[in-house]
1. What order do D503, D164 take when sorted by accessible area (1.4 Å probe), most exposed first?
2. What does the highest-first list of 719-731, 305-317 look like by mean Cβ count within 10 Å?
3. Could you give each residue of the stretch 441-452 its phi-based ³J(HN,Hα) in whole Hz, using Karplus coefficients 6.51, -1.76, 1.60 with θ = phi - 60°, and x for Gly or Pro?
4. Pairs to check: K632/K752; K2/K103; K346/K530. Give those whose C-alpha atoms are more than 31 Å from each other in this structure.
5. Counting only other residues whose beta carbon sits under 12 Å from that of Q143, what net charge do I get with K and R as +1, D and E as -1?
6. Amide H neighbours of V318 under 5 Å, at least 5 residues apart or on other chains, H built in the peptide plane: list them.
7. Quick one: which residues, 5 or more positions from H271 or on another chain, have an amide H under 5 Å from its amide H? H modelled 1.01 Å from N in the peptide plane, none for Pro or chain starts.
8. Provide, as a two-decimal number, the C-alpha radius of gyration of the chain over 2.2 N^0.38 Å, N being how many residues it has.
Amino acid sequence: MKAPISWLKEYVDINVDIDTLCKKMVDIGLEIEEVIYLGANVTNIVVGQITQIKQHPNADRLRVCQVDVGAEQIAIVTNSQTVAEGDKVPVALHGSHLANGLKITKGKMRGVESLGMFCGAEELGINGDYYPNADTDGVLVLQPTAVVGSDVRAEVGIDDYVIDVAVTSNRQDCNSVYGLAREVAVALGTTCRPLDTSVTCVDDSTQNYVDVKVVATDLCPNYYMQGVKDVTIARSPLWMTSRLAKVGLHGINNLVDVTNYVLMEVGQPMHAFDYADLGDKQIVVRRANQDETIVALDNKEYKLNAGYLVIADATKAVGLAGIMGGANSGIKDTTTCVMLEAARFKRENIRHSSRNLGLSSDSSARFEKGIDAYTTNLGLQRALHLIQKLGCGTVLGGKIAIEAECPQSTSVVFNKQRIKQLLGIAIDDCQVVKILQSLNIATTIDGDVVSCEVPAYRDDIARDCDIIEELIRVYGYDNIVGTLMQQSHITNGGKTDVAKYQDKCTDVLCGLGYHEAIFYPFGGKALFDKLTTDGADVTANIKIVNPIGEELSLMNLTLLPNMLQCCALNQSRKNKGFKLFEHGKAYLPKALPLVELPVKEKRICLLRDTGDFDTFRQEVLTLAKVFNSNIKLERADVPYLHPGISAKLLVDGSFAGVFGQIHPQIAKNFGVTEGVFVAEISFDALYNAKQAQPKFVPFAKFPSIERDFALVVAEDVAVQEVLDTILAVCPLCESASLFDVYRSHAIGQNKKSIAISVQFRHKERTLADSDVEKQINKCLKELNVRFDAVLR
């Protein structure tokens, strides 16, 4: 919200510099986004008076002027034929700067020295809204009252600051110059003068001119209208147009400018209907009819439906409620009678309508943030006062007021001890009353009972904590002394055990060459459907009530879709050989629709762009070893992984995750290569099964013996089961690992050869070859029985 200092001074005495003012406003909780000095680019330009004009001796189109600039007389050569002796004009002296950034220096023009330049309105960065005749081309002739030698910025109204305040959504009362003036008065410890809303009405009722009905009271709880007859359309005075210009609005005519002025001053959007254009002299606030159309003031046609609120007469819509008026009822030069509207519309409907139509305005911006009923009535009264002040017309009596919700103050009563309870400090009763009274909150303290009457325009204050928040922002947050809460003590801080294990997992994965990725915990139906091989519909995901968009409307059941989408993006940009991991959560509903909060399971998702299954398996097992739990691998049967190149992770016999190569169809769905490996492991399952960290065991004193042998087994035999059998049957077997898999027609159909390396060691003596042979024979016999394995 922009507010010129000169406008604020109409209501508040400001006797501090701009920096002090801004600091004090920030101290009471207002955020100053920008401070704009309107004359920042205009320097060393003064008011000069032409005392003599002579023809240039060497040029027919140039004239030499003697100009009084206050401290001296200087000569200026000009080509202007409109200036005359005695005129007061803006003079850019040597070294001055114009609004367009141009620097002016002295020089000779056709042999005659010129010590400056006359300026027009464009060089000063102004137009007719700021100064009389500033819309014309050529040198700007100033008013006779201009003081010779004075800074021209003060004369033309740009010696002014504009502060731009970021207004939070709960403080719609500050979305106006007067609302900010109230805050400035609080910041400076002074008073804010009330708005003049006095109006003298003629003995003629608005109700004799127009019949008003509000059909959609749920979308329009407050609607006020009052008429003005004998209207005279003319240009607004400069004091009004200059203020509007400083906040970014251009003067149009006196009646339209009044509505814009009230919008900025009070924060109430207004609209003036040309009475002659109202069919059957009716105003109906209703929902739009299906496929109804309206041409707005921007001269564009909009197609409507029942979701939009319109202001209509007996036959047609004459305005989009809260957004923009219709071109068929706007103010014209021939307008003689108007109906002034001030209303309060539901912010949700205005926001929805504005976005759907792609049409926004200063009015819709105000309504979207919220307007209170008090401001609506105040805005109409202020507009009528200004119309009468400018002599625009005669104000009719008999204001029409339709109120489903009446503006009223709010009473808040609470125990004084709540102040100390919430703030941790005690504030003197007199100080409490003084501060709250400065905020127009009528306050009395009787013993321990604080009674407050909150003004109707502060609908953000409803509870004792709101009152106390207002109190402390004025009293000063710097006055709060840091203390410990009751029964608390200072701690050294630190991470939880879960967080420490997460850090360990991160360290291990980073050591393996993985990079951490972070994704949203939600996605869209189109994304999640890609994880199915048959295009099955996603029904088990939790739907978000107010999603950012359709593509982010479902909570994660798995972390894989976002990870695969990231992989596809990197592969499309020719990134190769990358490895990613994510610490995330899966949101698992117990039932849909939700009747209780879902289970939030912590998971770790891995993705490897290239590689082989055995390497990836070792990386997964390395991660699992962080928890020192009993790990076992079994063949996996999940639709999104390759049926022959995948496994599931079991911890103490319970499922803890899956890993393997992505299914070819899933790879095609996401647009990734078929050689991508992924894993999704339950961090919670691993953490809950964790065991004490292993203790150091001395290195073996006796050497080991290694034996490699190849076994021919059926294609469906899981290698992990073979390795587990070897370790179980051979007590002297220290480790067993796969190092090759071979398939060929010579081996046989649906057969494979698995090459296994086995390491034997005895803890108390050196093994002999005969010891190892006995172990191997025993092992081969058992493998033949269980898996029909044959030594190749």
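The values are calculated or read from the model by the stated rules, or taken from the named source; none is laboratory data. Please read these numbers as outputs of a predicted model, since none were measured by experiment. All Cβ positions, glycine included, derive from the backbone under ideal geometry; neighbour counts span all protein chains shown. Please note that ligands, DNA and RNA were not included when accessible areas were found on the heavy atoms of the full protein model with its side chains. Shrake-Rupley method; radii C 1.70, N 1.55, O 1.52, S 1.80 Å.
1. Numbers: D503 60, D164 25 Å².
Largest to smallest exposure gives the sequence D503, D164.
2. Values: 719-731: 16.8, 305-317: 19.2.
Answer by packing, highest mean first, reads 305-317, 719-731.
3. Working through the residues one at a time gives 9, 5, 9, 9, 10, 10, x, 9, 9, 9, 10, 10 Hz.
4. Numbers: K632/K752 22 Å; K2/K103 29 Å; K346/K530 41 Å.
From the list (K632/K752; K2/K103; K346/K530), the Cα-Cα distance tops 31 Å for K346/K530.
5. Numbers: positive: K88; negative: D87, E155.
With Lys, Arg at +1 and Asp, Glu at -1, the net is -1.
6. Placed amide hydrogens put I311, A312, D313 under 5 Å from V318.
7. Residues meeting the criterion, in which the H sits 1.01 Å from N, are E341.
8. Values: Rg = 40.6 Å, N = 792, 2.2 N^0.38 = 27.8 Å.
With N residues counted in the chain, Rg over 2.2 N^0.38 Å equals 1.46.
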